[in-house]
Amino acid sequence: MQFKFLDRFRKRGTSATETLLVGSRSVPLLMVRNPRARRYLLRIRSDGTARVTIPRGGSTAFAREFVERNRPWLEQQWQQMQARPRHPAIVQIGSEILFRGELVPIQSEQPGFIRFGSEILAVATPAANLRPVIERHLRQLAARELPVRVKELAALHGLAVNRVTVRSQRTRWGSCSRHGTISLNWRLIQTPAHVRDYIILHELAHLRQMNHSSRFWQEVERLCPEYQTAECWLKENRGLLREAAH
């Protein structure tokens, strides 16, 4: 597998797109300038685009060198992404969804109802695509449960949270603002309890350390001694931020 840079690219404000040849396949390489970034970053996006972040004072020439130096990692990530099974867009009776850390089947209950796990939902047409109604239910469930859990853990560790929001972030499990607002991804309702709690504790730790310094990670470990186990689960299931059900 070889990567070759093509000379042509087009600019989009603070970004530029070039093309990588991965074997016989052309892969877009997006170069994005971020004045707040402290270092060059490389990742593969869900659409197959390779993205390199250029920090303040950086150059596209060095970004190309950075990509070349990290070619083995990029090739590996690309291969893993291509090998990952494609989840169908349509969810029906018999499909499985991830719910509270377990794959559970969607089953037909009495007429007009479906069941997955402990949840029973009323549906107009069970033969139709059930993804919208299931995702809507999961969002509502997350909106009820996650703020309560945040307040429980905050009180347990003597922390004050100003507000809790449940959103649909595409690249984050959660965030914490300087004003004490914790924002969580509704898909946490699909993760195991220990992973959900780790994400919440991770964000609560930012109330004491608004950074990712060594002191921050010491605080995370104090609040959640088994956090590395949760991190492993998140890495193995990182596609969950893009796929709510399959």
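Observations
- Shape of the stretch 158-246, Cα gyration tensor, a/c cut at 1.5: oblate
- Accessible area of residue 235 (1.4 Å probe, protein heavy atoms only, ligands and nucleic acids ignored): about 130 Å².
- Residue-normalised accessible area of the stretch 145-246, expressed per residue, 1.4 Å probe, Å²: 53 Å²
- Label-point separation in nm, residue 118 to residue 103, each point 7 Å along Cα→Cβ: 2.3 nm
- If the chain linking residue 65 and residue 171 were pulled fully straight, counting 0.36 nm for each residue of separation and taking away their Cα-Cα distance, it would gain 35.6 nm.
- Based on the reciprocal of the average 1/r between different C-alpha atoms, the Kirkwood radius for the stretch 128-170 equals 12.0 Å.
- Of the peptides 113-121, 50-58, the order by per-residue mean of other Cβ atoms within 10 Å, starting with the highest, comes out as 50-58, 113-121.
- Legend: residues 45, 163, sorted from most to least accessible area (1.4 Å probe; ligands, DNA and RNA excluded), read 163, 45.
- Cut-off 13 Å between beta-carbons: net charge of the residues surrounding residue 225, Lys and Arg +1, Asp and Glu -1: -4
- Net charge over other residues, Cβ less than 12 angstrom from the Cβ of residue 207 (K, R count +1; D, E count -1): 0
The values are calculated or read from the model by the stated rules, or taken from the named source; none is laboratory data. From a predicted model like this one, the values you see are computed outputs, not experimental measurements. Using ideal geometry, Cβ is built from the backbone for each residue, glycine included, and neighbour counts are taken over all protein chains shown. For accessibility, only protein heavy atoms count, side chains too; no ligands or nucleic acids. Shrake-Rupley method; radii C 1.70, N 1.55, O 1.52, S 1.80 Å.
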